Each structure stands twice: as structure tokens, then as C-alpha cells.
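Q: Take this structure first; my questions come after.
Nothing in this text is a laboratory measurement; each read-out follows from the coordinates by a stated rule. Only a predicted model underlies this, so the values are computations on that prediction, with no experimental measurement involved. Neighbour counts run over all protein chains shown; Cβ positions are idealised from the backbone, glycine included.
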Amino acid sequence: MARFLGSRGCLICGQDNPVGLRLRYRVDERGAVALWTPAEHFQGFGGVIHGGVVLGLLDDAMWYAAYGQGGVTLTAEATVRYQARVAVGVPIVVSGRVAAHRGRLWECVAEVRTAEDGRLLAQSQAKFLGVPAADLPALVGDTRVHELPEA
């Protein structure tokens, strides 16, 4: 069975969030990856996904990449470079990985590509800070591993 991580109420990956994107990140030691087809109600301009949604996708992929290596973090700083439009109805692949980790600081990178031909649409770099142990239960209380049947 395939495995993915999810937080119930998260705007990006929350499977129980009725207005969320409901991505399913598959996480391993190399990073995090999700496949998603953007719906029309996430657009900004006609037929183009809102840039804030794209940054949210990238941010979540990087968070999951750090989480897959044992980090529970919060975003401290992020930059994004949009290469091309992320179109409504076109399947995309969102991936993130840890570039460096020193103490509480996690540096991660992520990208959004078209699923069909791998064309780069957006990329991001971010710094995340590890959450103090006392704050962990409240932050990740509903983040859990889900099992999916193989396709």
C-alpha cells in the first residue's frame, strides 16, 4: 500500500477540509511529492491558479520534506519564482526536498511542474524553524499516515 501524510484541517492537505485542496503528499527520505489537478475555484485570473495558492502548494511540499526527515517546523521565510502559468484543469506535480539542516533551521526547496511533460511552472526556496518540543502535540496532533491502495 502507498502511504501519505495528511493533517485533517490543513488548507492544502486536509482531507477533511471542505474548502481545501486535499493534496496527498507521499513522503520519504528524498522529500515529498503530490499530484494535483487544480479546480476552477482556485483561480485568480481566468484559467490561471492564484499565485498565493501556488505558494501554498510549494510551502506545504517543503514542510512535508522536513517532516519526512524528523522536523516539525514553521515557515520563517519563503521566496517564489513563477516561471509559467499554473492552469486550471492541468495536472501538476508538486515536490519539495530539504537542501540543508542545521540545528533548528531547515532550508528547503520546492517546485511545481506539469505532470504530462515536466515543464517547470514555479519554484521556491524557504527557511523553516523547528518547533520546540513542548509545542509539538498541538501542532501535529491530527497529522497522520494514511494508507492508499496501489493504483
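Q: For the stretch 43-118 and the stretch 15-35, write down the distance between their C-alpha centroids in whole Å.
A: Cα centroid to Cα centroid, the span is 11 Å.
Q: Something else now. Please report, in debye to the nearest 20, how large the charge dipole of the stretch 1-126 is about its Cα centre when each Lys and Arg carries +1 at its beta carbon and each Asp and Glu carries -1 there.
A: 160 debye
Q: Next up: Between 0 and 90 degrees, rounded to the nearest ten: what's the tilt of helix 51-68 against the longest Cα principal axis of the chain?
A: Compared with the principal axis, the helix lies near 40 degrees.
Q: What's the longest piece of the chain with no exposed trypsin sites (Lys or Arg not before Pro), counting a site as exposed if DSSP puts it in a loop and it has at most 13 other beta carbons within 10 Å?
A: My reading of the result: 31-103 is the longest stretch.
Q: Okay, moving on. What list do you get for Asp135, Asp117 if you sort them by fewest beta carbons within 10 Å?
A: Taking fewest neighbouring Cβ atoms as first place, the list is Asp117, Asp135.
Q: What are the GluC sites (Glu not before Pro) within the stretch 29-138 that DSSP puts in a loop, where the Cβ has at most 15 other Cβ atoms within 10 Å?
A: Hits after loop and neighbour filter: Glu29, Glu116.
Q: Net charge around Lys127, counting only other residues with Cβ within less than 13 Å of its Cβ (Lys, Arg = +1; Asp, Glu = -1)?
A: Summing Lys and Arg as +1 and Asp and Glu as -1 gives -1.
Q: Run the simple label-point estimate for Val131 and His50 please: 7 Å along Cα→C-beta, distance reported in nm.
A: 2.4 nm
Q: Oh, and also: Could you list Leu74, Leu121 so that the one with the fewest beta carbons within 10 Å of its beta carbon is first and the one with the most is last?
A: Leu74, Leu121
Q: Hey, rough spin-label estimate for Arg81 and Glu40, points 7 angstrom out along Cα→Cβ, what's it come to in nanometres?
A: 3.4 nm
Q: List residues of the stretch 86-108, by number, whose backbone nitrogen lies under 13 Å from a label position 7 Å along Cα→C-beta of Glu116.
A: Within reach of a label on Glu116: 87-92.
Q: Run the simple label-point estimate for Arg8 and Val88 please: 7 Å along Cα→C-beta, distance reported in nm.
A: 3.2 nm
Q: Give the long-range amide H neighbours of Arg22: residues separated by 5 or more places, or on another chain, with amide H under 5 Å away, using H modelled in the peptide plane at 1.01 Å from N.
A: Here the answer is Cys13, Gly14, since their amide H atoms fall under 5 Å of that of Arg22.
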